[in-house]
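S.K.: Before anything else, here's the structure in question.
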Amino acid sequence: MKMAATSVGLLALAGTIVPPAVFMLQSIAAGQAGSPALPLDTVKTIMLVSTVAWFVAAPFWMKVE
Amino acid sequence: MSDVLHDVGELEHDASSEYERQRVPPKALKGPSAFWGMYAGEHTAGTEFMIGPLFVKWGADAFSLLVGLFLGNLLAVLTWRYLTATIACEQRLTLYYKLEKIAGGLLVKFYNLANGLLFCFLAGSMITVSATAVGPFFPPGTIEMPTFQSTMPTGPAWIVSCIVIGVAMTLVALKGYGVVAQVGHYAAPWMFLIFVSCALVTLGRLGTTDLWALLTPPEGTPQEISFLGIVCFAWFCNAAMHIGMADLSVLRFAKKPSAGWASASGMFLGHYVAWICAALLLIYWVRQHGVDPQVGKDPGTMVNDAVGWAGLICVIIAGWTTANPTIYRAGLAFQAMIPGMSRVAATMLAGGLCIAAGIFPAFAMNLLDFVGIYGTILAPVGAIIVVDHFLAEKVGIPRDPAERSGSSFNMAVLIAWLLPVAVAMWLYKTQGVFASYLPLPCSVACGLLYIVFSRLAARETIAVRA
């Protein structure tokens, strides 16, 4: 259980930070004229799902023994 | 990670409920990992969303923000390490018990009242910040959001938002410290990443990673805060905790004074990275939407625009996890002041005051001044402990004088504390001195006056005996 919670927790943290980082890199690469391949709405959705996943997993992962 | 959290949970339980009137025994001492986690969580709060944009409003330049914040936070860490942690590990007593030995029990209650009231205004600011996250959940215009210039409530919907959030925070605070601390620890790593995510999205939208250029205000922007102002703000925004010695209560559990370095996690993640991330949010709105930096934009709207609902949840939780222990501590302070008052009644009183303060945006919008005043009023008490610990024997005054004499009210402490604070408040109100410049001179003056008054009192005692 703890192993699963740890995996979900780490994925959730990655889901919180990686999409905005990708958005930033793509936006800068695309310049003023272009638009990033990963739209901001998708970034926001992934972050929300990751947030829910984090708060579900964290109490198992970080449980005080 | 779980070991760290286990330590943190025990640490805060111990700090809030055990060894309050005795030295912490060796078996209760904790390793450094617990302190790193605790400081990181405690200093990444909802108010960071206010402070970063307020720097932009005050026209802080890139050098001040990038170098000044670094220097100020470094000085804060050094103060924690070499002053607070050193005394904490040698004394192993809470601030309140140590102060009682020096100042007497009655004076400690007076200090507690000042502490409790200031805690209420601080928690009120956190309610204000959290309430700005409610607006984006409703159709535009339903709740009018406050700006930097707002001092009064913006309307009935705003008042209802603050009351609902404040009541929820108070009800959780009634449950005690443990639940809140636990949720705070769960949220801490995620919350920090949300701050960074806001910055990443903002940099992407602005099309550059040149932080120096972004943080440089447009030409003609009035600079209301200097490099020194930023350094002092970063150094003394937690003055009550380090030079004010409030963190004796936590660091007394440290095995070694080196645990004081753990404050670096809070300072550099919360008070450096998070502040700069939050500042970038307003810079984006100023550059892309033409928002006047003097008017600003509420944190809820900016965060929702950058990272969506995850950000709104962060604004609410960041305010909540820090406001809750603050309300709880304020309740304990009031309970100590009013004999016979239950903890529930005291917490509800504290919660009511916090909600009242939260409804008025004036406190949150003047946070840069407020934290300086907070430090100016509470930090000088720490100077008295510093004198008692390091200098008492050298300057010929007794250590722990109230305990020795059985006094419940040491007048030397009261005058040494209030005199510099009164002068500092006069300088702030009438001369416009930036509040963050005041905690250090106020503390030094308090320490010197304490030596003078204690020597005078000792001379009088000898004369009376003769």
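S.K.: For the range B:181-196, state whether one or more residues are away from chain A (no Cβ under 14 Å) and crowded, with 22+ Cβ neighbours inside 10 Å.
M.R.: Checking the range B:181-196: not a single residue is away from chain A (no Cβ under 14 Å) and crowded, with 22+ Cβ neighbours inside 10 Å.
S.K.: Looking only at the range A:54-63, count how many residues are surrounded by fewer than 19 Cβ atoms within 10 Å (Cβ to Cβ) and either part of a helix (DSSP H, G or I) or more than 7 Å from every other protein chain (Cβ to nearest Cβ) (or both).
M.R.: Looking only at the range A:54-63, we keep the residues that are surrounded by fewer than 19 Cβ atoms within 10 Å (Cβ to Cβ), and these are A:55-56, A:59-60, A:63.
With the extra rule that they be either part of a helix (DSSP H, G or I) or more than 7 Å from every other protein chain (Cβ to nearest Cβ) (or both), the set shrinks to A:55-56, A:59-60.
Of the residues in that region, 4 qualify.
S.K.: Now a separate question. Does the range B:362-388 hold any residues that are more than 18 Å from the chain's Cα centre (by Cα) and not hydrophobic (A, V, I, L, M, F, W, C), and which are they?
M.R.: B:D388, the sole residue that qualifies.
S.K.: Let me ask something else. Given the conditions (1) assigned to a loop (DSSP other than H, G, I, E, B); (2) within 22 Å of the chain's Cα centre (by Cα); (3) not acidic (D, E), and given that B:L117 satisfies all but one, which numbered condition is not satisfied?
M.R.: So the condition that B:L117 fails would be (1).
S.K.: Contact list please: Cβ distance under 8 Å, first residue in the range B:315-329 and under 17 Å from B:Y39 (Cα atoms), second residue part of a helix (DSSP H, G or I) and among the acidic types (D, E), pairs at least six apart or on different chains.
M.R.: B:A318/B:E48; B:T322/B:E42
S.K.: While we're looking at this one, here's another question. For B:G155, only one of the following conditions fails: (1) within 14 Å of chain A (Cβ to nearest Cβ); (2) closer than 28 Å to B:L353 by Cα. What is its number?
M.R.: Condition (1) is where B:G155 drops out.
S.K.: Scanning for something in contact with a Leu (Cβ under 7 Å, 6 or more places away or on another chain), closer than 30 Å to B:E224 by Cα and hydrophobic (A, V, I, L, M, F, W, C), does the range B:363-373 turn up at least one residue?
M.R.: Here is the first cut: in the range B:363-373, the ones in contact with a Leu (Cβ under 7 Å, 6 or more places away or on another chain) are B:367-368, B:372.
Imposing the further condition that a residue be closer than 30 Å to B:E224 by Cα reduces the set to B:367-368, B:372.
Okay, now just the ones that are also hydrophobic (A, V, I, L, M, F, W, C), so B:367-368.
Yes, the conditions are met somewhere in the range B:363-373.
S.K.: Of the residues B:A246, B:A262, which is away from chain A (no Cβ under 14 Å) and either assigned to a loop (DSSP other than H, G, I, E, B) or under 30 Å from A:A37 (Cβ atoms) (or both)? Show your work before the answer.
M.R.: On the way: B:A262 fails: either assigned to a loop (DSSP other than H, G, I, E, B) or under 30 Å from A:A37 (Cβ atoms) (or both).
Only one candidate passes the filter, namely B:A246.
S.K.: So B:T170 ticks every box in (1) within 14 Å of chain A (Cβ to nearest Cβ); (2) under 18 Å from B:R343 (Cα atoms); (3) among the hydroxyl-bearing types (S, T, Y) but one. Which box is left unticked?
M.R.: Condition not satisfied by B:T170: (1).
Values quoted throughout were computed directly from the atomic coordinates according to the rules given, and no laboratory measurement underlies them. Keep in mind that this is a model prediction, so the values were computed, not measured. Quick reminder, even Gly has a Cβ in these numbers, built from the backbone with ideal geometry, and neighbours come from all protein chains shown.
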